[in-house]
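So the structure is just underneath, and the comments pick up after that.
The values are calculated or read from the model by the stated rules, or taken from the named source; none is laboratory data. Keep in mind the model is a prediction, meaning the values are calculated, not measured. Cβ coordinates were reconstructed from backbone atoms using ideal geometry, including for glycine residues, and neighbour counts include every protein chain displayed. For accessibility, only protein heavy atoms count, side chains too; no ligands or nucleic acids. Shrake-Rupley method; radii C 1.70, N 1.55, O 1.52, S 1.80 Å.
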Amino acid sequence: SVAIPKSVTYKGSTYKVTEIAKNACKGMKKLKTVTIGANVESIGEKAFYNCPKLQAVAIGKSVEEIGKLAFYGDTSLKTIRFEKIKSLKSVGTAAFYLKTKKTDAKLKEKQTSKKKMIQYLKNSGVKVKS
């Protein structure tokens, strides 16, 4: 499991965690769950790319951008929980690419609304909680 905190302390100072870098957890073969902290605004390109055992993701309320291919190849992904996202502005191409019996879900850059993203995920058999 990976939990991205809302803040970290370093040498007595506290800093908000606002971004998950490009390729941050790419290819982690044993990763099963991800919890993204409340202050994270951006999930980088391929941040959780090709994590085949990833089953559940909780996305914090401040996320504005989900990068291209962020969760692409996560073939075991079954549940995505959105923590009252208020300001989602963009979802990169194929941020979620889910091969299921029902359909393959590809989010296009113009389909950036939370409502459209949730509908695509639901159509792919992913349980979405918001």
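General remarks:
- Every pair of residues 6+ apart whose Cβ atoms lie under 8 Å, when the first sits in the stretch 1-19 and is assigned to a loop (DSSP other than H, G, I, E, B) while the second is open to solvent by 100 Å² or more (accessible area, probe 1.4 Å): SER1/LYS32; LYS6/LYS16; VAL17/LYS6
- Restricting LYS29, LYS53 to residues that are touching a Leu at 6+ places or on another chain (Cβ under 7 Å), open to solvent by 30 Å² or more (accessible area, probe 1.4 Å) and farther than 20 Å from MET117 by Cα narrows the list to LYS53.
- Test result for LYS86, open to solvent by 70 Å² or more (accessible area, probe 1.4 Å), modelled with pLDDT of 90 or more and not in a helix (DSSP H, G or I): no
- Extreme residue, farthest from VAL8 (Cα to Cα), among residues of the stretch 56-71 that are open to solvent by 10 Å² or more (accessible area, probe 1.4 Å) and not basic (Lys, Arg): LEU69
- Being modelled with pLDDT under 70 and either on the phi < 0 side of the Ramachandran plot or assigned to a helix (DSSP H, G or I) (or both) is true of THR112.
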